[in-house]
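Before any comments, here is the structure.
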Amino acid sequence: MQKAVLTGEIFTQGDIAAAEGALAAGCRFFAGYPITPATEIAERMAYRLPRIGGRYIQMEDEIASCTAVVGASYSGVKSMTATSGPGVSLMNETIGLAVMTETPMVLVNVMRGGPSTGQPTEASQSDIMQAKWGSHGDYEIIALIPSSVQEMFDLTIKAFNLSEQFRVPTFVLADEIIGHMRERLVIPPEDEIKIVNRKKPTVPPEEYLPFKADADLVPPMATFGEGYHFYATGLTHDERGYPVMDDAAQLALVPRLCDKIRKNVDKITEAELTETEDAEVLVVAYGGEARTAMRAVKDARAKGMKIGLFRPITVWPFPKEQLKIAASNAQHVLVAELNYGQLVGEVERVIRHEIPVHLIPRVCGSPHSPDELMKEIRRRID
Amino acid sequence: MTTTPKTITEGEHPILDYIRRDRLPHIFCSACGIGTVLNAFANALRSLNYDIDRLVVISGIGCTGRASGYFAADGYHTTHGRAIAFASGVKVANPDLNPVVISGDGDLFAIGGNHFIHAARRNVDMLVLCINNFNYGMTGGQMGPTTPDSAITVTSPDGNIEHPFNLVSVAAASGAVFVARWTALHARRLTKSIEKALQKKGFKFIEVISPCPTLYDRYNRHGSGLDVMKKYRELSVIRNFTDPMKAEIDYRTRIVCGEFVDTEKPEFTDLLAKQAETLQQR
């Protein structure tokens, strides 16, 4: 049998690193549908899963793929799908169901240009807001944004851990640059990889209430076939999981679904701060664009400019406390993103117009070059 | 919520051990056929002494969509049309589980039609019980993919002009290994077919024609639920192994019932396991 964790150094692609990260995290079920630029993840899973005792199924569409993942997760198997924006558009129905039935699952979205079919083979970061609230209703999810092939691996593991810990669908929001780029990936030994598993019930079946949360606002999760005989529904439900259509049931459920994320923001969020301590100019960038921004910031620093980079690694929930620290000496905040302005709104919410927040959008399928980005920064601050 | 089979005491309903007692009374209208089908399903479980721990009852949205919430087994109520996709995930992830989908004609064949044909094509092991009442009941009686020619519904107020699906024909053409049709009148024959299907591996489909006295049958002046059942008795003919394409369903002439397909074909999760085993030995 092949090894689930391919410990060692390899030169590989971001999409493949995401697949290997999933396997290292314990993922043993993948359902998907072909879509550029995420297909390599499905291809890797189709090859790898049956060889390590897992299962791959190619479904008839993305709705079915996401729904099968929820079914598999409820059957006790760590499960994932991977797609791009058009696929997420279809999956959003089931993402709502997964939120409502508190399903641990991971979705990798390798973002391409939209709207609609858009630019399938080009890079984009235009699904930032879709990830947050693409489905209807009040809810919170977790989304992580990798900036390297290594992070495709590391953050996919982290996404599984967070989804298991908080029983919430978790996104790896990669852009096509990171999904398709090839660089060095270091896969650590299996026993050095931190794995988090969902909480299991500690009470006998007759006492088990499937949606009664503990103090951390997360309920322990039984799975099908364990004899708990529980029921789960996308309808508003009580602690027994039974549908209830009154105000009290909605009040007891929906705020908890949001608060289990909102009140644990400090346990979830992660950001990288580079040269921000004395930075008068703060660049905010993530994913593929953060690599450009890093070069631009380092080049400008070498020329004596007091400039720093804030890179959110967790984008939802947004690492606002980290941003406040990064921006503490800033006179200008510049948000460079491969879209026409999405995360900039969240940055403005945190900065609250105390200092000017400038958007540097780019919607044309390729990232800025460091020089181009620096010109855009200069144009806004000089 | 454990279900330990116990001796039935006098006056206690024999299927109560299979039902979530704390969810009774159910939400279904008086004279609706859903209750009959759930009763038949519970009776089939009881007569087979079925392993409830391995059963997962799954449904979509609509009147029949509520069915999964009444059994003392693991149950899941998906979004509209997705019960079969969910069941595929369950079966592939853990082949020891036995998913049973109970849902309506609109859920399974309009919004969920794509999932139905592909799960049947793959021959994923599950039983699909479709309660066909010819309309969308939960939302107030709109036309759907099974609404007969000229029938009156709230969204076909001048008579339906769409051609309906013949569900057993769709199931057989898509690759189901067991296909049957009964009406809510045929409670015993339905129970026997469910028993047979539960013991068979692969994608099994049973359609149950059901009265909707509150909406569909009222708009079409079919009389009371009892009148509809009388009409079923008058119109039904049993033709086992008839060509599903020719298994007509016409409230004016006849309703052909019976077990139309009972065949063998390699099951999807068995094939997956076999392939994986070979690969792992390499």
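A few notes on this one:
- Note on B:Arg254 and B:Arg21: the extension gain reaches 80.1 nm, defined as 0.36 nm multiplied by sequence separation minus the Cα-Cα distance.
- Paramagnetic reach from A:Glu183 in the range A:1-38 [backbone N under 11 Å; point 7 Å along Cα→Cβ]: A:14
- A simple spin-label model places the labels of B:Lys274 and A:Asp238 4.9 nm from each other, with each point 7 Å out along Cα-to-Cβ.
- A crude spin-label estimate for the pair A:Arg380 and B:Val154, with each label 7 Å from Cα along the Cβ direction, gives 5.1 nm.
- DSSP beta bridge pairing in the protein assembly as shown, given as percent antiparallel to the nearest 5: 25 percent
- Short-range pairs are left out: with C-alpha atoms under 8 Å and at least six residues apart, the relative contact order of chain B is 17 percent.
- For the range B:68-158, a simple Cβ point-charge model (Lys and Arg +1, Asp and Glu -1, everything else neutral) yields a dipole of about 260 debye relative to the Cα centre.
- Packing-based ranking, highest mean first, of A:126-138, A:266-278, B:108-120 given that Cβ atoms within 10 Å are counted: B:108-120, A:126-138, A:266-278
- Distance (nanometres) between label positions extended 7 Å along Cα→Cβ at A:Asn329 and B:Arg282: 5.7 nm
- A full extension of the chain between A:Lys200 and A:Asp61 corresponds to an added length of 46.9 nm, given 0.36 nm per residue minus the alpha carbon distance.
- Which of B:Asp51, B:Asp227 has the fewest Cβ neighbours within 10 Å, and the rest in rising order: B:Asp51, B:Asp227
- Magnitude of the charge dipole, the range B:16-281, Cβ model with Lys/Arg +1 and Asp/Glu -1, debye to 20: 440 debye
- Only alpha carbons enter this Debye calculation for the protein assembly as shown, each as an equal point scatterer, and the log10 of I(q)/I(0) it gives at q = 0.07, 0.09, 0.11 Å⁻¹ is -0.50, -0.78, -1.06.
- Relative to the longest principal axis of the Cα atoms of chain A, the long axis of helix A:14-25 lies at roughly 40 degrees.
- Of interest is the spacing of the C-alpha centroids, which for the range B:107-158 and the range A:102-166 amounts to 34 Å.
- On Cα atoms only, tilt of A:39-48 relative to the major axis of chain A in degrees: 50 degrees
- The spacing between the range A:199-243 and the range A:26-67, judged by their C-alpha centroids, is 28 Å.
- Panel order for B:Phe165, A:Phe230, by other beta carbons found within 10 Å of each beta carbon, from fewest to most: B:Phe165, A:Phe230.
- Förster-model FRET efficiency, 41 Å R0, B:Asp227 and A:Cys258, C-beta, rounded to 0.05: 0.20
- Taking only the C-alpha atoms of the range B:81-123, the Rg (one decimal) and the largest Cα-Cα distance, Dmax (whole number), read 10.1, 30 Å.
- Within the range A:1-37: backbone nitrogen closer than 14 Å to the A:Glu192 label point (7 Å, Cα to C-beta): A:6-10
- Spatially close lysines, pair count over the range B:138-282: Cα under 30 Å, gap of eight or more or interchain: 28
- Straightening the chain between A:Ile52 and A:Lys267 buys 74.2 nm, computed as 0.36 nm per residue apart minus the Cα-Cα spacing.
- Ordered by the number of other Cβ atoms lying within 10 Å of each residue's own Cβ, fewest first, B:Lys192, A:Lys303, A:Lys3 fall into the sequence A:Lys303, A:Lys3, B:Lys192.
- Projecting the Cα atoms of A:Met305, A:Val203, A:Ala249 onto the charge dipole of chain A (Cβ charges, centred on the Cα centre) puts A:Met305 farthest toward the positive pole.
- Dipole moment magnitude, nearest 20 debye, chain A about Cα centre, only Lys, Arg, Asp, Glu C-beta charged: 480 debye
- Of A:Gly21, A:Val186, A:Val350, farthest towards positive along the dipole that unit charges on Lys, Arg, Asp, Glu beta carbons give chain A: A:Val186
- For the range A:270-381, the Kirkwood estimate of the hydrodynamic radius, built from every pair of different alpha carbons, is 13.5 Å.
- Sum of -39500 (n - 2.57) over DSSP H runs of 4+, divided by residues of the protein assembly as shown (222 nm, nearest 500): -10500 deg cm²/dmol
The numbers here are math on the coordinates, done by the rules we state, and not lab data. All values derive from a computational prediction rather than experimental measurement. Neighbour counts run over all protein chains shown; Cβ positions are idealised from the backbone, glycine included.
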